1. In bins 10 Å wide, starting from 0, what share of all Cα pairs of the chain does each bin hold, as a percent?
2. Averaged per residue, what accessible area in Å² does the chain show with a 1.4 Å probe, protein chains only?
3. What lysines sit close enough to K8 to cross-link, taking a C-alpha to C-alpha distance under 18 Å and skipping anything fewer than 8 places away on the same chain?
4. Determine the gain in length on full extension of the stretch E67-S27; use 0.36 nm per residue of separation and subtract their C-alpha separation, reporting nm with one decimal.
5. Determine the distance separating the Cα centre of region 61-121 from the Cα centre of region 232-295; give it in Å without decimals.
6. Which of the GluC sites (Glu not before Pro) found in region 242-290 are in a DSSP loop and have at most 15 neighbouring Cβ atoms, other than their own, within 10 Å?
7. Rounded to the nearest 5, what % of the DSSP beta bridges within the chain are antiparallel ones?
8. Where does helix 202-219 land angle-wise versus the long Cα axis of the chain, in degrees 0 to 90, nearest 10?
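The values are calculated or read from the model by the stated rules, or taken from the named source; none is laboratory data. Note that the structure is a prediction, hence the values are computed from the model and not measured. Neighbour counts run over all protein chains shown; Cβ positions are idealised from the backbone, glycine included. Calculation scope for accessible area: heavy atoms of the full protein, side chains included, ligands and nucleic acids excluded. Shrake-Rupley method; radii C 1.70, N 1.55, O 1.52, S 1.80 Å.
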Amino acid sequence: MSEKPGWKDRLFGGFSKTSGRLTENLSGLVTKAKLDEATLDEIEDALIISDLGPATAASIREKLSKERFEKGLSEHAVREIIQSEIAEILAPVAVPLEIDAFPRPQVILVIGVNGSGKTTTIAKLAHLFLEQDYGVMLAAGDTFRAAAIGQLKVWAERLGVPIISGKEGGDSASIVYEGVKQATATGIDVLIVDTAGRLQNRTELMDELDKIRRVLGRLNPEAPHNVVLVLDATTGQNALSQIEVFKEVAKVTGLIMTKLDGTARGGVLVAAAKQFEMPIHAIGVGETLEDLRPFDANDLAAAIAGIEE
């Protein structure tokens, strides 16, 4: 039986489509000739259409323009500069989600549009905390969809963790309140709360989240300790507009990006880091519970740039 690939191998495998797209977009632009403005423009355009974002592309272009390529420009040299710039952008935002709240529990609200992988990400996050020997409880605060409640119950049973839930159309704030009460009484370390992903009516969503905050405040003024936005990498640049909206509506404190293995648009992770400078707690590069993990900025930069170490 072959040994299961380690996280670094899964990371490189998960970003193979993204690095492949970058290679394709740079193909033919890198020659042994010296760099001129036209070539720099073309490389910058190639980086933008690779979803790295205009700001990142401009930074890489500037670095390339300042480099002295004594033997002409090689593709590997360009990739090394891309890797260096991406690592520099990601290093400040690669922040694992630490469980350090006292008194317990630490309350984590998880938000995101329907279809982003929010509920599955909650399960993977719970698994990550269980691996660290924390007690975990789930709260099915997305009462707008019966399917979300049912799916979270299935995950809670698989993981062997308690869950607080109610009926479809019920009051989310009441469920969260009950979750905190029970978690406090039973010594649970982490309460992960699923919330509705409706952006069609921002006012309604904001009102619901504000009510949850008020209710939490009665039990613990510090709660919620984290508001984590789950993003689907396959949506590309649309993920950036989601951050913009949820940042305003939900007071987001950190990000998790999922489905990076299923897309060639993983460069949007770098664009998000550059534009918003918000903590990115973890990334998802596969379907199993183990495929959501915090990341090392240098490893991830190498994976995106397609540089095998």
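1. 6, 27, 30, 20, 11, 5, 1
2. On a per-residue basis, 44 Å².
3. K17, K124, K259
4. Extra length available between E67 and S27 comes to 12.4 nm.
5. After rounding, the separation between the Cα centres reads 10 Å.
6. Passing sites in region 242-290 are E277, E287.
7. 5 percent
8. Once rounded, one gets 60 degrees.
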